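Chemist: So that we are looking at the same thing, I have put the structure below in structure tokens.
The values are calculated or read from the model by the stated rules, or taken from the named source; none is laboratory data. Note that the structure is predicted; figures quoted are calculated from it, not measured. For neighbour counting, all protein chains shown are included, and Cβ atoms are generated from backbone atoms with ideal geometry for every residue, glycine included. Note: areas computed on protein heavy atoms with side chains; ligands, DNA, RNA excluded. Shrake-Rupley method; radii C 1.70, N 1.55, O 1.52, S 1.80 Å.
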Amino acid sequence: MRDDGLIALVDQFYSTDNGRIANGVLVASYAAFGVAGHQWYAMISAVVMFVLLWAWARALFRCMEWRVPRGIPLFSAAMLLAVFCFGSVNTYKTFFWPASSVSHTFPPVLAAAATIPVLLATSRRGKVAATASGFVLGLVMGTLSEETSVVALSLLAPALLLSRRLFSAVRLTFVRTWCAAAAAGILVGTAVLLTSPGSRNRRTRHHADSMFAPESLLASMRGYADILSILATNWQYLWVIAVGVLIGILARGADGHIPRPDRRTRLLLVSGAAAFLFSGYVCTVITRPAFGPSVSTSNRLWNDYLFLLLLLFTSAGGLLGNLIARQYRRHMKRVAIGAALVCVILTAVLATSLRTLETDMRVRAEAWDSQDHLLREEARAGATVLPYTPLVVSKMSEPFGNNGKRPWPASCVATYYRVEKITDGRMPPN
């Protein structure tokens, strides 16, 4: 895509669609390559997210002065990303669909990686650079994903309020400054987004002012309760506890001894759990105007706070592994082997579950290519009305779905092929 195409797409996001400038830049990065960009996005984004999580895990262990076997940061990042992307109740929308991944899957990983500079900074110059990067990345986050911004602010607020109890006196001022800078960046970015013409159009289109009505808040609470029920019964998410157990058993302090958690550990877990519950509900409130009752079944909307839940499960597993290492030293090896086997089994289960999706995607891709070729030929021949046969995969919206109650997919397809309209190819011609 040429520079003018990039600017046009970003301007469309800002002025018409939703106001998300950074989101528009990322969309343009794969839309520039057409169908190939959509096809390759998943693999490229997976590599980027994996590298970010690996670097984040290494920085976190270094900041905590923990010694772990060399492969543990890589292994932990891989398992966490695998569960996050492939343990979903709808993997296609979570990982393979670029529009969803850009808005709800990539942002929480980026938010975690944004803490790498603050974890590694030790010199004065490094702290200044980390603070500046916190503001800039916060600004990007505010124009990338409203939901991830809510989660990040829900974590930054208690970090500031409880900073004296959570951080050492040596780093207290720096951590407070960084948290304030990151929060300021998010708020400025969110202000830019919310005051944009695109965001105003979106709010008007979905009657977003009604989200704060008592009945809407109550409906959001019921929807969020349904979401929590689904998350609690999706057993793949719980298995990241095994990753934490493995870390807790193998981790050693700088002196070579098993580290002993203090009251800050419990405070971090409690505040993290509170941030998860609060941000999840707020995210449900702000997305309900657009999605209505389906907010409790549109799983891609959960990822912004689901990632935090997986981190909490991993942390809880780490505490359990640390307890086993301190109290049951004779059984450490067996538990570590068991935790590793659980991770291997989980990987096998996830891989097996993807085989069906792979087949569905391949069949749909072949059918789409065939239909695409025919539609383009007819459009070039001068046709203004084209018959289109819906090709549904993983509950994706297709033209004429839901008894035709959603007309926008059909208009999008017509725009794509530059014709006046499309008709349902499953219906016999008049």
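Chemist: Could you tell me which numbered condition Val51 fails, if it satisfies all but one of (1) at negative phi; (2) touching a residue at least 12 places away in the same chain (Cβ under 8 Å)?
Modeler: (2)
Chemist: Hey, does region 31-53 have a residue that's open to solvent by less than 20 Å² (accessible area, probe 1.4 Å) and under 16 Å from Leu119 (Cβ atoms)?
Modeler: So the first thing to find is which residues in region 31-53 are open to solvent by less than 20 Å² (accessible area, probe 1.4 Å), and the list is 37, 42, 45, 49, 53.
Of the ones still in play, those that are also under 16 Å from Leu119 (Cβ atoms) are 53.
Scanning region 31-53 turns up at least one residue that is open to solvent by less than 20 Å² (accessible area, probe 1.4 Å) and under 16 Å from Leu119 (Cβ atoms).
Chemist: From the list Thr177, Thr190, Thr195, Thr204, which residue is under 20 Å from the mean Cα position of the chain (by Cα) and on the phi < 0 side of the Ramachandran plot? Reasoning before the result, please.
Modeler: On the way: Thr177 fails: under 20 Å from the mean Cα position of the chain (by Cα); Thr195 fails: under 20 Å from the mean Cα position of the chain (by Cα); Thr204 fails: under 20 Å from the mean Cα position of the chain (by Cα).
Going through Thr177, Thr190, Thr195, Thr204 in turn, just one is under 20 Å from the mean Cα position of the chain (by Cα) and on the phi < 0 side of the Ramachandran plot: Thr190.
Chemist: Just to be sure I understand the filter: pairs with C-beta atoms under 9 Å, separated by 6 or more residues or on different chains, first member in region 292-312 and touching a residue at least 12 places away in the same chain (Cβ under 8 Å) and open to solvent by 30 Å² or more (accessible area, probe 1.4 Å), second member of a type in the set (S, T, N, Q) and assigned to a helix (DSSP H, G or I). Which pairs pass?
Modeler: Arg300/Thr94; Arg300/Ser100; Arg300/Ser101; Arg300/Ser103; Arg300/Thr105
Chemist: Now for a separate question. Val118 - would you say it is crowded, with 23+ Cβ neighbours inside 10 Å, over 26 Å from Val282 (Cα atoms) and of a type in the set (A, V, I, L, M)? Give the derivation first.
Modeler: Numbers: crowded, with 23+ Cβ neighbours inside 10 Å: yes; over 26 Å from Val282 (Cα atoms): yes; of a type in the set (A, V, I, L, M): yes.
Yes: the conditions hold for Val118.
Chemist: Another question about this same structure. Exactly one of these conditions fails for Val102: (1) buried (at least 21 other Cβ atoms within 10 Å of the Cβ); (2) of a type in the set (A, V, I, L, M); (3) over 16 Å from the mean Cα position of the chain (by Cα). Give me its number.
Modeler: It is condition (3) that Val102 fails.
Chemist: Being farther than 18 Å from Ser88 by Cβ and open to solvent by less than 90 Å² (accessible area, probe 1.4 Å): is that true of Arg364 here? Break it down stepwise before answering.
Modeler: On the way: farther than 18 Å from Ser88 by Cβ: yes; open to solvent by less than 90 Å² (accessible area, probe 1.4 Å): yes.
It is true that Arg364 is farther than 18 Å from Ser88 by Cβ and open to solvent by less than 90 Å² (accessible area, probe 1.4 Å).
Chemist: Suppose the filter is more than 18 Å from the chain's Cα centre (by Cα), surrounded by fewer than 16 Cβ atoms within 10 Å (Cβ to Cβ) and in contact (Cβ under 8 Å) with a residue 40 or more places away in the chain; does Ala316 pass it?
Modeler: Against the criterion (more than 18 Å from the chain's Cα centre (by Cα), surrounded by fewer than 16 Cβ atoms within 10 Å (Cβ to Cβ) and in contact (Cβ under 8 Å) with a residue 40 or more places away in the chain), Ala316 does not qualify.
Chemist: Pairs, please: C-beta under 9 Å, at least 6 apart or cross-chain, first residue closer than 14 Å to Trp54 by Cα and charged (D, E, K, R) and in region 101-129, second assigned to a loop (DSSP other than H, G, I, E, B) and open to solvent by 10 Å² or more (accessible area, probe 1.4 Å)?
Modeler: Sorted first by the residue in region 101-129, then by its partner, the list stays empty.
Chemist: Examine region 220-239 for a residue that is basic (Lys, Arg), surrounded by fewer than 16 Cβ atoms within 10 Å (Cβ to Cβ) and modelled with pLDDT of 95 or more, and state whether such a residue exists. I'd like the intermediate steps shown before the answer.
Modeler: Step one: list which residues in region 220-239 are basic (Lys, Arg), which gives 222.
Narrowing further to those that are surrounded by fewer than 16 Cβ atoms within 10 Å (Cβ to Cβ): 222.
In the following step, the residues that additionally are modelled with pLDDT of 95 or more were identified as 222.
Yes, region 220-239 has at least one match.
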